[in-house]
1. Using a 1.4 angstrom probe, figure out how much accessible area region 113-182 has per residue, in square angstrom, rounded to the nearest whole.
2. Return the Rg/Rh ratio of region 645-704 with Cα-based radii and a Kirkwood Rh.
3. State log₁₀ I(q)/I(0) for region 480-595 at q = 0.17, 0.20 Å⁻¹ as given by the Debye formula over alpha-carbon point scatterers of equal weight, solvent excluded.
4. Relative contact order, percent, of the chain when contacts are C-alpha pairs under 8 Å separated by at least 6 residues?
5. Report the gain in length on full extension from Glu537 to Asn240: 0.36 nm times residue separation, minus Cα-Cα distance, nm rounded to one decimal.
6. Under a 1.4 Å probe, what is the accessible area of region 831-886 per residue, stated in Å²?
7. Could you provide, to the nearest whole Å², the per residue accessible area of region 659-709 with probe 1.4 Å?
8. Leaving out ligands, DNA and RNA, and with a 1.4 Å probe, what % of the accessible surface on the chain is carbon or sulfur?
Amino acid sequence: MRLFQRLFCSLGFAAAMMAIPAGILAIPAAAFGQSTSRVLDAKWEFRAASATDRAELKEWHPAQVPGVVQTDLLHDNLIPDPFYRDNDTRLQWIGLTDWEYRTTFDADAAMISHEHVDLVFEGLDTFADVYVNDQAVLHTDNMFRRWRLPAKGLLKAGPNTLRVVFHSPVELMIPKVKALPYQLPSVTSHNTGNEENVATAPYTRKADYQFGWDWGPRYVTEGIWQPIRIETWDAFHVENFHIQQQRVDKDAAALSAELEIQASRSTVATVEITYAELSGAPVAPIRQAVQIDPGVNHVSVPIHIANPKLWYPVGYGAQDRYRFSYTVRIARDNAAQGTLNTGLRSIELRREVTKTGKSFAFVVNGIPIFAKGADVIPFDSFPNRATPEIHRQILQSARDAHMNMVREWGGGIYETDDFYDICDELGIMVWQEFMFGGDMIPGDVAFQENVRQEAIDQIKRLRDHPSIVIWCGNNEVETGWWHWGDRQEFKASISPDTRDRVWQDYVIMFADILKSTVSQYADPTPYTPSSPSADFEEIPDNQHNGDMHYWAVWHQQAPAQDYTKQFPRFMSEYGFQSFPEMRTIRTFANQPGDFDIRSTVLQAHQKNKGGNERILTYMLREYREPKDFASFVYLSQVQQAEIIKIGAEHLRRQRPRTMGSIYWQLNDCWPVASWASIDYFGRWKALHYYARRFYDDVLISPFLHDDEVDVYVVSDKLQPLSGTIHMRLLDFSGNVLLDQTKDVQIPAQSSAIYFSVDRAALSAKNDPRKSFLAFDLQVAGKPLSRNLIFFDVTHNLELPVAPKIESSLTKMDGGYSMTLRTAGLARNVYVALGDLDVQMSDNYFDLLPGEPVTISLNTSSTLEQLKSALTITSLTEAFQPAVTAP
């Protein structure tokens, strides 16, 4: 231990400071001046740097930084809208071209006078050569890494030039991949094809979805996609500030403030830590004297908080957070300071051996949480266009639908800081994956070390967000190795030794490199190697160990009821497609011939091969044929919602065996037919309104099977409830054929059957084609949940044709109120308001005869505009009229 550290430990802070030789303390504080930071986001230009048939692209054009070349071309009117019609098929040349960016900036005497002047690149996409004053200084090969370049010796007083040349990741990698003894199979090459049929994505540290996915276009981006800064500092600067949570419970929090200090010479400093609740006053500072030496210094300051306010997922408590601040003082001057916000919570991935396998449950602050949510993909094909406002809109919509988790899918990007800030604020847990979307990986040391540094960069950036409750190695790489047809073909094409080597490359990355990196830098947040995975204990994607992805419904066209045959420990993917609403479709299609599921345009906006036809196939199993394209769109959304409702309710009924329902997917990256419940423009599909009901904290969920109806109540509440179940057998005109009530006691965090109904006992009272069961749960006289059971597929039911629905609109404080009523059953009532932007409290709901429903509308539109635009559609109005026999 150094002399100074011995002094601090044995004498205490004040005495130790007096004991330090005077010559040490005599170093002027001004020599340790605070670091400064300046963003280089002005005067950027770009041009094509490789051969092109378009001469104008060799000229310099204005560029926006941060950004990517596709958006720069669009802003300068050099390409058409990439999302319009089938333009994506005509714009692939952009990702096959090299591009050059440049700017000039002034370095004044004050900047140059600092001991250190660094250029910091937060993200370059992807293969880039950096030049300062025409001197080559940096080569990058990973869009997810942060690069710091000492630049003091490169700069001169006055104007300086900065150039970045980006190489096409496809053209650069093709000859390298072709030279390898074998080529790894790729998800992306199967979806959109690839130049020369060579898959370069597995070898490139770049967002996989940009090579094309089954819900997104292929746009291989290049550019300065994250900010560039000039940072100046003298004797030292604080590279990272982190609050390590060793032990947290309601009685006490044992923490430490961890500072990583980069120094160029020795000094003695005082580190001062303060903290406060976000809305409160700071406590008295905690001070610690430290010796700083040249190189990297790690400083740890213990913090103890009695009776801390904890951070909880939404529905389980408040999202309390603290602001922690540090100040590093030299003598009496502040040499460095900074802050961060974080929430205090304990997190455990509970994996207990049970009679039926091994549990998979998130436990926050000692509370087992049933995870309810959806998978998140990038918010735009061009990431720089995803603003904090867009993130907030989508995440608030997730919370409004009672979601408490999103899974940040591994084929996209590590999201921006604001995304995680919003999740912290809203109480939405984040399942965070490293960016591997499904491809096996190379095993060379350079690739492994590149990924290791990427993981360190991203963990350090994100680890203080309480919303991140797990780090996951990848999406579906492991299950693909065991189960996918192309992987079996690949394994059959190589020798056993090579096959073992490829698998060992996988194990080294995901069972060693990333696992150990998470343990070192993100402890105690848990890690799992893949999704789905059983943590190498057995083959992944099973129903008794680890999480599961289930795609027989949709990809294999299995019936939706097959969801009820799955009993996983945690379902992290399942899904079904629909079209976005007509307003969204009209943003990319505008010709009469476009509005056909087989048209060129609609096929271009359906990236899952055969997806449009699959939607129709399922539709005709359950419903009658739609009368027109708009009706097809409406029915596609109703169908998606009904099918995912079957899966989500079944999974919730299985708690505590099953402890998670994460459907695919929450959002879109462009306007498209997809699995999303919210479209590219933030418009809720029917599924999202359904999710608000099936993810509610208390759910009544009748399950019809084997001629019996089991009546479940599921509660996520932390307190027991006393309630009443009201069951009615009704005909479609509202006549009551059977009426029963049952008082129930509902334990906290439970799922149970409260009674069962024999279908045979109902048969004497009803015609199954003309009646239905309605179940209502009330607590303290307040309706909490409603669910309906029908006895046959919809096209066999004799539902009222075009039931008359009356509506009334009333102006209220802050918006409007709409009440709807009908004399005959109206299913899946859809309230549309044309092109007006209106936020509705409910939609796509069943309207029972004689039971009005009132919804609220939040909009800036006038009453007259709403009345003029209003249309109301119910299920049977979307069907082709029945043909009457002559």
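The values are calculated or read from the model by the stated rules, or taken from the named source; none is laboratory data. In this text the structure is predicted, and so the values were computed from the model without any measurement. We place every Cβ from the backbone using ideal geometry, glycine too, and count neighbours over all the protein chains shown. Side chains are part of the model used for accessible areas, which takes the heavy atoms of the whole protein and leaves out ligands, DNA and RNA. Shrake-Rupley method; radii C 1.70, N 1.55, O 1.52, S 1.80 Å.
1. Accessible surface, normalised per residue, equals 40 Å².
2. Ratio of gyration radius to Kirkwood radius for region 645-704: 1.03.
3. With one equal scatterer per Cα and no solvent, log10 I(q)/I(0) is -0.99, -1.13.
4. 9
5. 103.3 nm
6. Accessible surface, normalised per residue, equals 52 Å².
7. 20
8. Carbon and sulfur atoms account for 51 percent of the accessible area of the chain.
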